[in-house]
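S.K.: Pasting a structure here, questions to come.
The values are calculated or read from the model by the stated rules, or taken from the named source; none is laboratory data. Predicted, not measured: the structure shown is a model, and the values here were computed from it. Here the Cβ positions follow ideal geometry from the backbone for every residue, glycine too, while neighbour counts run over all protein chains shown. Keep in mind that these areas ignore ligands, DNA and RNA; they rest on the heavy atoms of the full protein, side chains included. Shrake-Rupley method; radii C 1.70, N 1.55, O 1.52, S 1.80 Å.
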Amino acid sequence: MAKKKLQQGPRHGVQVLWALLSNSYLIGFAQGKIYKGSLKNLCVPGLNCYSCPGAVGSCPIGSLQAVIGSWNFKFTFYVAGFLVFVGAIMGRFVCGWLCPFGLIQELLHKIPLPKKIKTFPGDKLLRKLKYVVLVVFVILLPLCLVDVLGQGAPYFCKLLCPVGSLEGGIPLVLLNGSMRSALGWLYAWKNLLLAVTVVLSILIYRPFCKYLCPLGAIYSVFNPIAVFRYRVDEEACTHCGACAKTCPMEVDPVENANHPECIRCGQCKGVCPTGALTAGCWNKTAREAKLPEETA
């Protein structure tokens, strides 16, 4: 158990640090305004709302919706290239280490309850929903339903994303009295979705990541081919099942160490009794790393 905590301590520290860096425009919280400087033209790797008063960068999903139906090909290629580059390097490492909303879900899941829900009938099928959300709300609707200027609306941000409500909608409404008079059914709907997400996060580990997140859907495609990857030393592995049992995303690393659902949290490595699981860029297995010493 101590080894498991040792694995998670540094990761949570990185998550907190990255969340603070991504939302370091602290004066925005005091003024009730969002940062609109030059850094806002750059995307951050994780899901972090553009409208958060402290956000200094843009959410890649929000950016993709904003440009996918426009004629601004230069910025469209930048956003698409950014997602491909980050995915090809890290895969869903971003989800486990750099996404602020992933951290929020994990902290909520730490709230003690007599019984947590690890899995349920239909769980695996429901995980396909995030790919439907990606195709329909992030790509097709902004691409096809455009205004007279050829610009589509950010339908995922507008209708489904609880991050926007938590990081942007609620703080801005609390800080700006003029906004309260303009509230309507959409604001109530988004807050309802946020409340449901909060409750589910207490019961289920990262429910938004598992079932709805389109950014996780994009990065998951790159997991099997990403430069940063996991590897299992088959000779060192005793098939004890400890890694599969501890995985919060319900992945068996022995069957597929780079499964699309793996968020690279490292819990499987932390409990492996033989050190058969390794991670890194073009990493070697534990046995291969010892070969030069053996031959010497």
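S.K.: Has segment 99-106 got any residue that is closer than 21 Å to Val163 by Cβ, out of contact with any helix residue (DSSP H, G or I) (no Cβ under 6 Å at 6 or more places or on another chain) and part of a helix (DSSP H, G or I)?
M.R.: Within segment 99-106 (the criterion being closer than 21 Å to Val163 by Cβ, out of contact with any helix residue (DSSP H, G or I) (no Cβ under 6 Å at 6 or more places or on another chain) and part of a helix (DSSP H, G or I)), the answer is yes, since at least one residue qualifies.
S.K.: Another question, then. Please list, ordered by first then second residue, the pairs with beta carbon atoms under 8 Å, 6 or more apart or interchain, first in segment 37-49 and free of Cβ contacts under 8 Å to residues at least 24 places away in the same chain, second acidic (Asp, Glu) and open to solvent by less than 20 Å² (accessible area, probe 1.4 Å).
M.R.: Here the result reads none, with nothing in segment 37-49 linked to a residue that is acidic (Asp, Glu) and open to solvent by less than 20 Å² (accessible area, probe 1.4 Å).
S.K.: So, one more: Any residue in segment 152-160 that is closer than 20 Å to Ala30 by Cα and either of a type in the set (Gly, Ala, Ser) or free of Cβ contacts under 8 Å to residues at least 12 places away in the same chain (or both)?
M.R.: Looking through segment 152-160, none of the residues is closer than 20 Å to Ala30 by Cα and either of a type in the set (Gly, Ala, Ser) or free of Cβ contacts under 8 Å to residues at least 12 places away in the same chain (or both).
Residue-by-condition table, conditions (1) at negative phi; (2) of a type in the set (Phe, Trp, Tyr); (3) open to solvent by less than 40 Å² (accessible area, probe 1.4 Å):
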{"site": "Ala88", "(1), (2), (3)": "yes, no, yes"}
{"site": "Gly91", "(1), (2), (3)": "no, no, yes"}
{"site": "Cys95", "(1), (2), (3)": "yes, no, yes"}
{"site": "Phe101", "(1), (2), (3)": "yes, yes, yes"}
{"site": "Ile104", "(1), (2), (3)": "yes, no, no"}
{"site": "Lys110", "(1), (2), (3)": "yes, no, no"}
{"site": "Lys116", "(1), (2), (3)": "yes, no, no"}
{"site": "Leu125", "(1), (2), (3)": "yes, no, no"}
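S.K.: Now, a different point. For segment 189-234, give me each residue that is in contact with a helix residue (DSSP H, G or I) (Cβ under 6 Å, 6 or more places away or on another chain), touching a residue at least 60 places away in the same chain (Cβ under 8 Å), farther than 19 Å from Leu134 by Cβ and not in a helix (DSSP H, G or I).
M.R.: Tyr205, Val227, Phe228
S.K.: Only one of (1) more than 22 Å from Gly152 (Cα to Cα); (2) part of a helix (DSSP H, G or I) fails for Gln65. Which number is that?
M.R.: So Gln65 meets the others, but not (1).
S.K.: Restricting to segment 138-174, give me the number of residues that are modelled with pLDDT of 85 or more, surrounded by fewer than 15 Cβ atoms within 10 Å (Cβ to Cβ) and of a type in the set (Asp, Glu).
M.R.: Count: 0.
S.K.: Let me ask another. Answer with yes or no whether Gly87 is in a helix (DSSP H, G or I), over 22 Å from Gly168 (Cα atoms) and in contact with a helix residue (DSSP H, G or I) (Cβ under 9 Å, 6 or more places away or on another chain).
M.R.: yes
S.K.: Can you pull out every residue in segment 89-116 that is at pLDDT 95 or above, aliphatic (A, V, I, L, M) and within 15 Å of Val199 (Cβ to Cβ)?
M.R.: Correct list: Ile104, Leu107, Leu108, Ile111.
S.K.: I'm told Val86 meets every condition in (1) out of contact with any Pro (no Cβ under 6 Å at 6 or more places or on another chain); (2) at pLDDT 95 or above except one. Can you identify the failing condition by its number?
M.R.: Answer for Val86: the failing condition is (1).
S.K.: If I ask for residues that are buried (at least 16 other Cβ atoms within 10 Å of the Cβ), more than 29 Å from Asn48 (Cβ to Cβ) and in contact with a Ser or Thr (Cβ under 9 Å, 6 or more places away or on another chain), which ones from segment 228-261 would you list?
M.R.: Result: Arg231, Val232, Asp233, Ala236, Cys237.
S.K.: For Phe75, which of the numbered conditions (1) touching a helix residue (DSSP H, G or I) at 6+ places or on another chain (Cβ under 7 Å); (2) open to solvent by 40 Å² or more (accessible area, probe 1.4 Å); (3) part of a loop (DSSP other than H, G, I, E, B); (4) of a type outside the set (Val, Ile, Thr) fails to hold?
M.R.: (3)
S.K.: Scan segment 179-227 for residues that are open to solvent by 40 Å² or more (accessible area, probe 1.4 Å) and aromatic (Phe, Trp, Tyr) and jot them down.
M.R.: Trp185, Tyr187, Trp189
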